[in-house]
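Novice: Sending over a structure as structure tokens; questions will come in a sec.
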Amino acid sequence: MGFPVLMGVLKEERDDVEMVRGALETLVSALTPTDVARGPKNEVQPTLMNSDLLSREADSISLLLSLLEEDDFYVRYYTLQLLTALLTHSPNRLQEAILTTPRGITRLMDMLMDREVIRNEALLLLTYLTREAVEIQKIVVFEGAFEKIFSIIKEEGGSEGGVVVQDCLELLNNLLRRSASNQILLRETMGFEHLLSILKLRGSAYNFTQQKTVNLLGSLETVELLLTGGLDAEPGRDSNRQSNQTVLAQKNALDHLLMLGVESPWAAVSVRCAALRCVGALVANHSQNLDALASKMLGEEPHVEPALNSILRIILRTSSVQEFSAADFIFKCFCENNPKGQAILASTIIPQAHSGAHDPLDEDIKIPFGSMLLRGLTSSESDEDLETCCRASSVLSHILKGNIHCKERVMQVKLEAPMTSFGTPEPLIHRVVKYLAVAASMKDKNGNHKTSTSSGFMYIQPIILRLLVTWLADFPDAVHSFLDSRDHLTYLLELVSNSSGTVFTRGLSAILLGECVLYNKSDDRGRDAFMVVDAISQKIGLTSYFLKFDDMQKSFPFLSAKASQQRKPLARSSAASMSEIEDVEENNVSNLKHDEDPVLMSVFDAPFVNLVKRLESEIRESIVDVYSHPKSKVAVVPVEMEQKNGESNEDYIKRLKSFVEKQCKEVQDLLGRNATLAEDVARTGGVGVSGSDQANGGRDRVQVETLRRELQETKQRVEVLKSEKAKLEDEASMYRNLAGKMESDLKSLSDAYNSLEQVNFQLETEVKALREGKGGPFVDVKAIKEEGREEAQKESEAELNDLLVCLGQEQTKVEKLSSRLAELGEDVDSLLEGIGDDLGLAEDSGDDEEE
């Protein structure tokens, strides 16, 4: 009832400012939720109902937009508040109405240059409008949004500003997130100087307030959007990303990002993580930026060190898992498609002698990159150092990925034994396997054994296994070194069959075990591929072994692996306090499922998942091939091959020939069965069986296979018989129906024949009676004529009566017409004169003709 009245005031009482103010204020109150306690969930919400009623009429929105041109401050202010409330509850309708209203967006953009209060309301309204509506984003950019946004940010003080700067950055990110064309327009018109100026730390660098942290996060999100280049499916995305990388590097973006991510330990963890991710995205697949990062030095004299060393120090020392993941992302981007950079880092991996006491990682700032990495890899076996070893393993896996020269270089690294009495130096790969075993036997504070599913511990074994899988891939020398110790194979078999481990640990261990078959070029009987396959068959079982691959591929990281993980956009509604910004991601880690851990998600990125899938198919083929070929040597010479006493050479040769032929037939038969079984297991998986059952049940499985084939053939024969039976039943039913029809036709013919015989007999009887003069049926012709005459007379009398009735009716009509004509003054007799004569003459002429 109230809305039509209020809208009528806005339409017809525009000159009465006070009346318009009151109507707008009333509408705003009707759309603003009250703070009273909420009722039941199914209770009608008045604000939602009011918003729905008001937004149904497109004329209402156009009327409100026209009020933005009024001179009165409060009219414009209340109108913006009302539009914001409508957008909150009915966004789609309001967006459509604004798009269809002439100059609708233009009026809103003009409000950005209005007084501060109105400008802020208009800014908030535009941030809501541009979150999803692509068409509105284009119009807003066309209306000069970039210039106005950066003008407001500069006026408010950049990163030191308040929530208005946050709203401006949110609007800017909405315009850039889904549009490469908008990014190009920003780059070619205003450039990125204004954006990077927000990242510059002014005044006291130690003063990181809550709002400053949020503002820096917003600007870093803008940089990350520019380094993404737009949507994945958008044409020209890669070229746009590279152009953005080049321009940002020319404007010294790398210095600003390293200052925030590496040289600002007092900054919030979220800011440091966002800056580190931006560094990785800035150098990814960009040769000039990669060289710039490799040569970048940080710090002041005399404490200057390469930037990569500082980033590695963060990885090894930080207590934040998120910061470790962000810093590790830099090395991933640095080493991807950069063999030159990988070689530079690998060349520094040289062991350095140090004191027996464990040196802190930051003791000597002059320590080379590779030595620092080795120190992290070869730490002691405590919980903290095992975590450090895990993180160093992640960095080393990036250095070795897809680079045979780096793998060879690191393979030559020999580590001193912990004590000189232990013997010769130890290869680095052996030390890594040792820490993998130590990780499974660690204990928590209560003395209980930690498992790979423990909170904060679930990713240590997968990361170390990823290093080993990467190292052994396409590198037989690493496989040879790995199998030098028989304990390595034994422990790997235990990891694969350990039911208490995670699906990732079992799956990656199975991949590592398969690499020992796939890339095994050894001729040594104790370390060749046949030995590894036999160990798998006896200790695990091929069926159970192949199931480990399937289980891992069904896990969440494998199903959702992406090159880059999407993060939730930062908005005013999601901005938390400074303490929450630091801790929220850390606290959420413990609440996630094991397979949704963010570090695990970074481990199983798209390139590594593709590598694992490729290795899996090749491992299956390799194991089938090993099963299909005999071993290289025969251990025992059968007794039948020795010549008997007194046996001639000719008989001996014949006996050997028959023996060899018999053996060849048996070998070929066994090879055929073996290949069939291996292919069946590799293809179908099946139900896991124990190693002993599999070793002793070969003959049973062959019999089962034979019975299965016979059963299949029997089923096929049964199906053929069923089809023939159905065909015969259809034919029988057709003949049965035909016989029934013929039987009914025969019965009807028989009845007709019987009736004809009866009639014929009656007629013959009558004829015979007439001939003999006997009494019989006699037809009275006179009576029949008399009866016909009476019927004709009755019919003529009825017709005569009908004719008389008609004549009476006509006579009545004539009398009425005559009286009427007489009243009108006509002579009735003169009119009727001659009518009967014509009829009489006609009748007379007819009589004459008849005569």
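Novice: So if I check each of Val247, Val321, Val262, which one is of a type in the set (Val, Ile, Thr), within 24 Å of Pro598 (Cα to Cα) and over 27 Å from the mean Cα position of the chain (by Cα)?
Specialist: Criteria check complete, one pass: Val262.
Novice: Could you grab me the full set of residues in segment 170-221 that are among the aliphatic types (A, V, I, L, M) and open to solvent by 50 Å² or more (accessible area, probe 1.4 Å)?
Specialist: Ile184, Leu185
Novice: Of everything in segment 408-426 that's open to solvent by 100 Å² or more (accessible area, probe 1.4 Å) and either β-branched (Val, Ile, Thr) or in a strand (DSSP E or B) (or both), which residue is modelled with the highest pLDDT?
Specialist: Only one residue tops the list, namely Lys414.
For every residue, the table says whether it meets (1) open to solvent by less than 40 Å² (accessible area, probe 1.4 Å); (2) under 20 Å from Ser602 (Cα atoms); (3) not in a loop (DSSP other than H, G, I, E, B).
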site	(1), (2), (3)
Arg466	yes, yes, yes
Tyr491	yes, no, yes
Ser500	no, no, no
Val517	yes, no, yes
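Novice: Against the conditions (1) in a helix (DSSP H, G or I); (2) touching a residue at least 24 places away in the same chain (Cβ under 8 Å), where does Arg131 fall short? Just the number, please.
Specialist: Tallying (1) in a helix (DSSP H, G or I); (2) touching a residue at least 24 places away in the same chain (Cβ under 8 Å), Arg131 fails exactly one: (1).
Novice: For segment 222-262, give me the residue count where each residue is open to solvent by 50 Å² or more (accessible area, probe 1.4 Å), modelled with pLDDT of 90 or more and not in a helix (DSSP H, G or I).
Specialist: Going through segment 222-262 one residue at a time, the tally reaches 2.
Novice: Suppose the filter is closer than 28 Å to Phe208 by Cβ, in a helix (DSSP H, G or I) and among the acidic types (Asp, Glu); does Glu323 pass it?
Specialist: Taking the combined requirement at face value, the residue satisfies it.
Novice: Follow-up. Search segment 8-30 for residues that are closer than 17 Å to Phe73 by Cα and pair each with any residue that is open to solvent by 60 Å² or more (accessible area, probe 1.4 Å) and basic (Lys, Arg) when their beta-carbon atoms are under 7 Å apart and the residues are at least 6 apart or on different chains.
Specialist: Val20/Arg14
Novice: Would you mind stating whether Ser382 is modelled with pLDDT under 85 and among the polar types (S, T, N, Q)?
Specialist: When the stated conditions are applied, Ser382 passes them.
Novice: For residues that are touching a Lys or Arg at 6+ places or on another chain (Cβ under 9 Å) and open to solvent by 40 Å² or more (accessible area, probe 1.4 Å), scanning just segment 468-489, find the one that is nearest to Phe546 (Cα to Cα).
Specialist: Among residues in segment 468-489 that are touching a Lys or Arg at 6+ places or on another chain (Cβ under 9 Å) and open to solvent by 40 Å² or more (accessible area, probe 1.4 Å), the one nearest to Phe546 (Cα to Cα) is Asp474.
Novice: Next question. Quickly run through segment 61-77 and pick out the residues that are buried (at least 20 other Cβ atoms within 10 Å of the Cβ) and within 43 Å of the chain's Cα centre (by Cα).
Specialist: Selection gives Ile61, Leu64, Leu65.
Novice: Then there's this: Would you mind telling me which numbered condition in (1) outside any helix (DSSP H, G or I); (2) touching a residue at least 60 places away in the same chain (Cβ under 8 Å); (3) under 22 Å from Ile105 (Cα atoms) Leu201 fails?
Specialist: That leaves (3) as the condition not met.
Novice: Hey, among Arg683, Arg655, Arg709, Arg699, which residue is surrounded by fewer than 13 Cβ atoms within 10 Å (Cβ to Cβ), on the phi < 0 side of the Ramachandran plot and at pLDDT 65 or above?
Specialist: When all the criteria are applied, what remains is Arg709.
Novice: For segment 281-298, name all the residues that are open to solvent by 30 Å² or more (accessible area, probe 1.4 Å) and either touching a residue at least 60 places away in the same chain (Cβ under 8 Å) or at negative phi (or both).
Specialist: Correct list: Ser287, Gln288, Asp291, Ala292, Ala294, Ser295, Lys296, Met297.
The values are calculated or read from the model by the stated rules, or taken from the named source; none is laboratory data. Because the structure is predicted, anything quoted here is derived from the model rather than measured. Every residue, glycine as well, gets a Cβ built from its backbone with ideal geometry; the counts of neighbours run over all protein chains shown. The area values use the complete protein model at the heavy-atom level, side chains included, leaving out ligands, DNA and RNA. Shrake-Rupley method; radii C 1.70, N 1.55, O 1.52, S 1.80 Å.
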